[in-house]
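Visitor: Okay, handing you the structure first.
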Amino acid sequence: MKRTFDDYLNYFILIFPFGFVSIGFSIAFGYFKHNLEIQQLLISIIPISLGLLFAYFTLKRLNENITFEIIENKKNLEIDNLKTALENNFRINDIYIDEKLGFIEVLTKLTGFSWGERITIIKDGNLYLVNSRPSGTSQPVTITKDRKNIKKIRSILTE
């Protein structure tokens, strides 16, 4: 899926992890500049490590927003049957279906872990390509909601 301007705008959230890294480096710089005790150098490792760890997980989550997962259609569900199953298993705000293209787009309602998700499902033979991402630019990543959505769709198609 091609990245849009909003996708790149989501990378703005990386300011916070890199802020931690810069704080750690400024502490380390103070150690070298003023010949302070070794404790200050050791303390600088904490924000540098946390910042790099947060940056890694944030980048991983942002890349998952634009990546589709392949799920085998073991139940041989057609688009209209899948639509019914989605309506029964998700709290849906809106659903768009194009049976000719084999395309479903679902907008879910607000939950405790998300401002709403945009679930995109594309049929490719006996496979479905599935993506779940936050809907809108106000929330660049979710904690686990998109993973749970894909897990639910996997269980609908395979169990």
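The values are calculated or read from the model by the stated rules, or taken from the named source; none is laboratory data. No experiment lies behind these values; they were computed from the predicted model shown. Please note: Cβ atoms are built from the backbone with ideal geometry, for glycine as well, and neighbour counts cover all protein chains shown. Accessible surface areas use protein heavy atoms only, side chains included; no ligands, DNA or RNA. Shrake-Rupley method; radii C 1.70, N 1.55, O 1.52, S 1.80 Å.
Visitor: Explain nothing, just the number: relative contact order of the chain, from Cα pairs under 8 Å at least 6 residues apart, as a whole percent. Intermediate values should be presented prior to the final figure.
Guide: Details: 228 pairs, mean separation 33.4, N = 159.
Averaging sequence separation for qualifying contacts and normalising by length gives 21 percent for the chain.
Visitor: Measure nothing fancy, just the Cα-based angle from helix 38-64's long axis to the longest principal axis of the chain, in degrees from 0 to 90, nearest 10.
Guide: With both axes taken from Cα atoms, the answer is about 20 degrees.
Visitor: Here's something else I'd like to know. For the range 28-86 and the range 92-133, what is the centre-to-centre distance using only Cα atoms, to the nearest Å?
Guide: Using only Cα atoms to place each centre, the spacing works out to 23 Å.
Visitor: So what is the accessible area of the chain per residue, in Å², with the probe set to 1.4 Å?
Guide: Using a 1.4 Å probe on heavy atoms only, each residue of the chain averages 62 Å².
Visitor: Can I ask one more? Return the single residue from GLY112, GLY24, GLY102 with maximal mean-square fluctuation; model: Gaussian network over the chain, springs between Cα atoms under 10 Å.
Guide: GLY112
Visitor: So, one more: What residue among THR84, THR58, THR67 has the largest mean-square fluctuation in a Gaussian network model of the chain, using Cα springs under 10 Å?
Guide: Comparing THR84, THR58, THR67 in the GNM, the peak value goes to THR84.
Visitor: Hey, in the GNM for the chain with a 10 angstrom Cα cutoff, which one of VAL130, VAL141, VAL21 fluctuates hardest?
Guide: VAL21
Visitor: Could I ask something else about it? Determine the share of the range 69-158's accessible area contributed by carbon and sulfur atoms, expressed in whole percent, with a 1.4 angstrom probe.
Guide: Here it works out to 49 percent.
Visitor: With a cut-off of at most 16 other beta carbons within 10 Å, and DSSP calling the residue loop, which GluC sites (Glu not before Pro) in the range 38-111 qualify? Please list them.
Guide: Details: sites: GLU64, GLU69, GLU72, GLU78, GLU87, GLU99, GLU105; in loops: GLU78, GLU99.
Loop-located and lightly packed - GLU78, GLU99.
Visitor: Another question, if that's okay. What residues have an amide H closer than 5 Å to that of ASN93, excluding those fewer than 5 places away on the same chain, when H is modeled at 1.01 Å from N in the peptide plane?
Guide: Close amide H contacts, sequence-distant or interchain: LEU107, THR108, LYS109.
Visitor: Continuing with this model, one more query. Can you show me the helix-derived [θ] at 222 nm for the chain, built from DSSP H runs with n ≥ 4 at -39,500 (n - 2.57) apiece and divided by the number of residues, rounded to the nearest 500.
Guide: My calculation for the chain gives -16000 deg cm²/dmol from helical runs alone.
Visitor: Here is a follow-up. For the chain, which span is the longest to avoid every loop-located (per DSSP) member of trypsin sites (Lys or Arg not before Pro) having at most 15 other Cβ atoms inside 10 Å?
Guide: Result, exposed sites excluded: 4-73.
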